[in-house]
Amino acid sequence: MAESEKEEMTFLQHLEELRWHLVRAFVSVFIVAVLAFMYKEILFDVIIFGPSRPDFFTNIKLFELGQMINMPALGINQTKYDFQNILMAGQFTMHLKVSFIAGLVVAFPYIFWEFWRFIKPALYQQEVKHSRGAIFFASVLFSVGVLFAYYVICPLSVHFLANYKVSAIVENDLNLGSYISTITSIVLAGGVIFELPILIYFLAKVGLVTAVTLKKYRRHAIIVSLLLAAIITPPDIISQVLVCFPLIFLYEGGILIARNIERKKLKEQMQ
């Protein structure tokens, strides 16, 4: 009975520790969200509405490239878009939502670090040693995914979706909430998808996947990459190719990671 109570107490202690990790992670998101909320002009005029403006970096470079190779179609988002809000609290709600998402994106490295601190005591010393760079690489991959989605996918998606028409008699009056949901979902999806090598790393460490298995399902992975590219991008071939290639590259990187882990395990067993 005493042993049972001790085990129950240990379990409750783990829950208490997890709670404090979650609290600290939420506080980090909250602090960044408050700062983002305070700087409304930068958050919306510069960042959120950036991909829709002619002076956005990607739009400028594509326009210049189109002029250079005589392809005017590359000049995307060269006209000013007008956005409308039809809800009484619509703009305030969007302000809160985007501030929270900004907090989530910026605070991601700290959130991952808190998660790592929680699971670290359950790992063996050797596993901790081999996983020291996980926080750094996870943060870098997430940031690269966010930037790739923001600077590449977002402007292409905005141009395609804002100008697509089923009929010439139908005008596109862009809804604020729809535009923001599109931008934020693409950015978050980009950050999450670029975490694929980290996921493969942990799965390979616990023996759930191997390099042989990943090679066996390479064709399936390519099909899944094409499907994901079709889901998170507008249905034009250029956008889908731009998204599909990084996904395939990340999968191939995962194969190399799994192979490296297997070699290290084999080397340790031989010693």
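No lab work stands behind these numbers, since they all come straight from the coordinates. Given the structure is predicted, the values throughout are model-derived calculations rather than measurements. No Cβ is skipped: glycine too gets one built from the backbone with ideal geometry, and neighbour counts run over all protein chains shown.
Before moving on, here are some points about what is shown:
- Trypsin sites (Lys or Arg not before Pro), loop per DSSP, at most 15 other Cβ atoms within 10 Å - longest free stretch of the chain: 166-271
- Residue pairs, from the table Lys165/Lys215; Lys40/Lys80; Lys120/Lys264, whose Cα atoms sit over 31 Å apart: Lys165/Lys215
- Exposure proxy for Ser167, Ser178: other Cβ atoms within 10 Å of each Cβ, ordered fewest to most, give Ser167, Ser178.
- Against the empirical 2.2 N^0.38 Å (N residues), region 195-271 has a Cα radius of gyration ratio of 1.29.
- Descending semi-axes in whole angstrom, ellipsoid equivalent of region 2-192, from the Cα gyration tensor: 43, 21, 13
- Taking every C-alpha pair closer than 8 Å and separated by at least 6 residues, the mean separation divided by the residue count of the chain gives a relative contact order of 19 percent.
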